[in-house]
Amino acid sequence: MFNLSTQDVVLSIENAPLVNLDGIYFQEYQNFFGNNFIFPDISQSEFSKLEMQEDFPRRVLSADDIFKKKLQIFFMNKQITSSLSDKFRLDLKFASLDVWQDFPGYHLPPHTDNKRIKLALQIYIGEHDVGTSLFDSKDHQIKTFEFIDNSGYALLNNEISRHGTSGHVNNGIRTSIYVRYT
């Protein structure tokens, strides 16, 4: 069930360039977990509404779920945290992790994350047509991360790192892992 490789993730972080797009700093990942990653079937797992998004068609994997607990331990790994710290030149500490499922109608307008978060990392699970976009100060879309299985991005959270979904979820379930570092 749990076949994640720390080395594959560290290599993904080390090999992805750090991009500066007008002060928005990010890395974009392909094949983040490596070639052998198999996401477990969570269709029977317990989900709940996300705090402060209770009215959104989004659910979060239960804190008691064993897969979520294993993912949290995995992303706390010193090698992973150190690789991200080195790449972004920050002192980072793991803060939290969610596994999200977004349903038809879900849309998240451009925003910045809570100021306590220094860096967010989102990895997509499965295929979907709604990725995450970066926006300028006038909410013009300037970059979109395509929603491709086992891909994603890390984004430095600053006052101009505005991001949101690139559209509304229309069909199916959009599943992703979202990791926060402080």
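The values are calculated or read from the model by the stated rules, or taken from the named source; none is laboratory data. Quantities reported herein were computed from a predicted structural model and do not represent experimental measurements. Here Cβ is always computed from backbone atoms with ideal geometry, including for glycine, and neighbour counts include all displayed protein chains. What goes into the accessible areas is simple: the full protein's heavy atoms, side chains included, and nothing from ligands, DNA or RNA. Shrake-Rupley method; radii C 1.70, N 1.55, O 1.52, S 1.80 Å.
Can you pull out the residues in the range 16-63 that are among the β-branched types (Val, Ile, Thr) and either closer than 30 Å to residue 90 by Cβ or touching a Phe, Trp or Tyr at 6+ places or on another chain (Cβ under 8 Å) (or both)?
First, pick out the residues of the range 16-63 that are among the β-branched types (Val, Ile, Thr): 19, 24, 38, 42, 60.
Of everything in the range 16-63, those that are among the β-branched types (Val, Ile, Thr) and either closer than 30 Å to residue 90 by Cβ or touching a Phe, Trp or Tyr at 6+ places or on another chain (Cβ under 8 Å) (or both) turn out to be 19, 24, 42, 60.
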What about residue 50, is it touching a helix residue (DSSP H, G or I) at 6+ places or on another chain (Cβ under 9 Å) and of a type in the set (A, V, I, L, M, F, W, C)?
no
Residue, surrounded by the fewest Cβ atoms within 10 Å (Cβ to Cβ), within the range 48-60, restricted to residues that are in contact with a Ser or Thr (Cβ under 7 Å, 6 or more places away or on another chain) and under 21 Å from residue 121 (Cβ atoms):
60
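Checking the condition outside any helix (DSSP H, G or I), in contact (Cβ under 8 Å) with a residue 60 or more places away in the chain and more than 26 Å from residue 143 (Cα to Cα), which residue from 39, 74, 32 passes?
On the way: 74 fails: outside any helix (DSSP H, G or I); 32 fails: more than 26 Å from residue 143 (Cα to Cα).
It is 39.
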Give 122, 141 a once-over and let me know the one that is open to solvent by 50 Å² or more (accessible area, probe 1.4 Å), closer than 21 Å to residue 21 by Cα and in contact with a strand residue (DSSP E or B) (Cβ under 6 Å, 6 or more places away or on another chain).
141
I'd like the full set of residues that are among the polar types (S, T, N, Q) and either at pLDDT below 95 or surrounded by fewer than 17 Cβ atoms within 10 Å (Cβ to Cβ) (or both), limited to the range 92-111.
96
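Could you tell me whether residue 78 is within 14 Å of residue 13 (Cβ to Cβ), more than 13 Å from the chain's Cα centre (by Cα) and surrounded by 15 or more Cβ atoms within 10 Å (Cβ to Cβ)?
no
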Given (1) modelled with pLDDT under 90; (2) of a type outside the set (Val, Ile, Thr); (3) surrounded by 12 or more Cβ atoms within 10 Å (Cβ to Cβ), where does residue 34 come up short, assuming only one miss?
(1)
